[in-house]
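Let me begin by presenting the structure, written as structure tokens, before commenting on it.
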Amino acid sequence: MLKSRDDIINLRTAYKKALEMQTKKILVCAGTGCIASGSLDIYGKLLQLLKEKDIPCSVELQEEPHDETVGVKKCGCHGFCEMGPLVRVEPQGWLYTKVKLSDCEDIVEKTIVNGELIERLAYHQNDKVYPKQEDIPFYKKQTRLVLEHCGHIDAESVLEYIALGGYSAFEKVLFDLDGDETVKIIKDSNLRGRGGAGFPAGIKWETVRKTEANQKYVLCNGDEGDPGAFMDRSIMEGDPHRVLEGMMIAGRAVGASEGYIYVRAEYPMAVARLENAIKQASEIGLLGENILGSDFSFNIHINRGAGAFVCGEETALIASIEGERGFPRVRPPLTVIKGLFGCPTVPNNVETYANVPLIINRGADWYRSIGSESSSGTKAFALTGNIQNTGLIEIPMGTTLREVIYDIGGGCRNGADFKAVQIGGPSGGCLTKENLDLPLDYDSLKSVGAMIGSGGLVVMDEHTCIVEVARFFMNFTQNESCGKCVPCREGTKRMLEILENIVEGKGKESDLDLLLELSDMITSTALCGLGKTAPNPVKSTLKNFRKEYEEHIHGICSTGTCTKLRKIRIDTELCKGCGKCSRICPAGAISGKIKEPFVIDQTKCIKCGACIESCPFHAIKEN
């Protein structure tokens, strides 16, 4: 049990030495994506082989190690999810990709014992081999600050976190700075909330600190609900103690004694890692009463969300923690004045808190030197969709979309042409080729009608139907509407109906103006931020791809995505009358005489395309 500042300093020194005794390390990705691909089996097999071969190894740090060992660790997400399961080998810094159980023998025998690179497991691109992780193009243009530990340390060890300098920022705030000084550092750093709106974190902290109250709270929003987003999940899974440390610093700065983390129940691994981190921090005296012999007491609790998208909105999240239905509340009063249980509350998301220890240790000027003038620091994004390299990335604010899509993401799959990217999930907007050189920061995106949101980037290529994308996001938003206010509840329903009619070939020219009219109404009158931004995907796609909407109204989906608009015909000049298409048609829509051109009954055709694939003469065409 740590009872003083000297205790944690001595503990850090001892376990830093223990970490240095692990001269070789095998870091197996134990993020959700790699676990789904079998990484835990690989971890178990590697450990088994090391023991069978009598190679000294350890899965936990020992306070007084006597011999050098191979550290075998379950770490957080490396980020390069496209290439999982991933295994990193140190001290070489080699990253092995798409590792199978059958590769474990070679990893132990060739790499650990003999120090040889297994070239087939290294990343390959354009006939070039990239053994070292940091040299891979996917990582080369990233600046991993919040994610620096993810994939590099044991995600389940408080001792390893402390050995690497963990909780030193909290120690500094506890003994060297007062609350005003801490708040000033965060305010001067220009740290903006990473949950969506980008509101300055320092202003929230300052308001809560100045508000008189017997009880104050620190609230961490881990209810990450955007389709295709997994940044917060990866941070909670890969570096949970950093999230706790950020919350503890906030608690000390504003005078709060309780913290709550709200995590969606669909993140069981994140919940487990956070529970483990809280237990470890409590057992060694970093959480609880009179921490490290000071006058500061702080506890952290976890609340599981039931998966309601609206609970990502802070007032709905607070209602959920309080045991009420997750409805947004009218503001004012603001959460920082009257938040959780009616008390002043600091509401920030996971990534925001994970930035805090770095800022305290390295200073506000250092943080402001990264990123753009109005948006300091880095931002984590989940890069998904029709792109070569999917995964979790972290880039300085102000990095262009072109660098993300082509330098980090490797461009669209199969050489397809880039069409658009949906940024910020259902609350965000659509960026196009014209925006490729746009800096990704809060103000630049706002100027083109988009927003960073939580950080999802869904890439679309030339084969993507933009109208169907808008319908998908509107369907998601409508399903997730809490129903409290009429504009969101009924407005999104009507917008969805119009979009469904358009993709089914029942749209009218007037529908496009009606969609814009409904969008403006919802944006100006909805109760909460989620409702106000719900029309963004429709507004931005109509602005950038109105012609594609008009084509749908005239019965044409150029990508062939909207099945109701597909028209399949038989070219009578090419058809030899073999009858193969008739025999394979599941709807019995094709008829004719052998050795004469066949015909398709459009009233029966279900647009499945089976006939197109089966025709040996390529006589069956679409549209």
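Entry remark, segment 340-362: residues being outside any helix (DSSP H, G or I) and out of contact with any Leu (no Cβ under 7 Å at 6 or more places or on another chain) number 4 in total. Inspection of segment 123-134 finds no residue satisfying the criterion of being closer than 30 Å to residue 338 by Cβ and part of a loop (DSSP other than H, G, I, E, B). Could you grab me the full set of residues in segment 522-536 that are in a helix (DSSP H, G or I), farther than 16 Å from residue 196 by Cβ and touching a residue at least 12 places away in the same chain (Cβ under 8 Å)? If the condition is that a residue be in a helix (DSSP H, G or I), farther than 16 Å from residue 196 by Cβ and touching a residue at least 12 places away in the same chain (Cβ under 8 Å), then 522, 525 are the ones that fit. Consider segment 549-567 and keep the residues that are crowded, with 21+ Cβ neighbours inside 10 Å and at pLDDT 90 or above. The one that is farthest from residue 606 (Cα to Cα) is 549. All of 332, 240, 328 fail the test of being surrounded by fewer than 17 Cβ atoms within 10 Å (Cβ to Cβ) and not hydrophobic (A, V, I, L, M, F, W, C), apart from 332. When residue 46 is tested against (1) without any contact (Cβ under 8 Å) to a residue 12 or more places away in the chain; (2) touching a strand residue (DSSP E or B) at 6+ places or on another chain (Cβ under 8 Å), exactly one condition is not met: (1).
Residues that are more than 30 Å from residue 31 (Cα to Cα), hydrophobic (A, V, I, L, M, F, W, C) and in contact with a helix residue (DSSP H, G or I) (Cβ under 8 Å, 6 or more places away or on another chain) do not occur anywhere in segment 372-395.
Within segment 292-333, the set of residues being among the β-branched types (Val, Ile, Thr) and in contact with a strand residue (DSSP E or B) (Cβ under 8 Å, 6 or more places away or on another chain) comprises 300, 302, 318, 321. Of all the listed residues (117, 145), the sole one being more than 29 Å from the chain's Cα centre (by Cα), modelled with pLDDT of 95 or more, surrounded by fewer than 23 Cβ atoms within 10 Å (Cβ to Cβ) and among the hydrophobic types (A, V, I, L, M, F, W, C) is 117. Among the residues of segment 97-126, those that are within 21 Å of residue 38 (Cβ to Cβ) and among the small types (Gly, Ala, Ser) comprise 102, 122. The set of residues in segment 363-377 that are under 24 Å from the mean Cα position of the chain (by Cα) and part of a loop (DSSP other than H, G, I, E, B) comprises 370, 372, 374, 375, 377.
Just to be sure I understand, how many residues within segment 3-36 are touching a residue at least 40 places away in the same chain (Cβ under 8 Å), in a helix (DSSP H, G or I) and of a type in the set (Ser, Thr, Tyr)? Residues that pass the stated criteria total 2. Residues of segment 489-520 that are within 30 Å of the chain's Cα centre (by Cα) and over 18 Å from residue 472 (Cβ atoms): 489, 490, 516, 520.
The single condition among (1) free of Cβ contacts under 8 Å to residues at least 24 places away in the same chain; (2) touching a Leu at 6+ places or on another chain (Cβ under 8 Å) that residue 118 does not meet is (2).
In the condition set (1) surrounded by fewer than 22 Cβ atoms within 10 Å (Cβ to Cβ); (2) more than 25 Å from residue 273 (Cα to Cα), residue 104 is compliant with all but (1). Screening segment 158-171 for residues that are in contact with a Lys or Arg (Cβ under 8 Å, 6 or more places away or on another chain) and either among the hydroxyl-bearing types (Ser, Thr, Tyr) or free of Cβ contacts under 8 Å to residues at least 40 places away in the same chain (or both) and picking the one that is surrounded by the fewest Cβ atoms within 10 Å (Cβ to Cβ) gives 168. Scan segment 155-169 and tell me whether some residue there is of a type outside the set (Phe, Trp, Tyr), outside any helix (DSSP H, G or I) and touching a strand residue (DSSP E or B) at 6+ places or on another chain (Cβ under 7 Å). Taking every residue of segment 155-169 in turn, at least one turns out to be of a type outside the set (Phe, Trp, Tyr), outside any helix (DSSP H, G or I) and touching a strand residue (DSSP E or B) at 6+ places or on another chain (Cβ under 7 Å).
Sort out which residues of segment 172-204 are among the small types (Gly, Ala, Ser), surrounded by fewer than 18 Cβ atoms within 10 Å (Cβ to Cβ) and assigned to a loop (DSSP other than H, G, I, E, B), and write them in order of number. Across segment 172-204, the qualifying residue is only 197. Residues considered: 483, 410, 449. Of these, the only one that is touching a residue at least 24 places away in the same chain (Cβ under 8 Å), of a type outside the set (Ser, Thr, Tyr) and either touching a strand residue (DSSP E or B) at 6+ places or on another chain (Cβ under 6 Å) or under 22 Å from residue 221 (Cβ atoms) (or both) is 449.
The values are calculated or read from the model by the stated rules, or taken from the named source; none is laboratory data. Since we're looking at a predicted model, the values are computed, not measured. Here the Cβ is made from the backbone with ideal geometry for all residues, glycine too, and neighbour counts use every protein chain on show.
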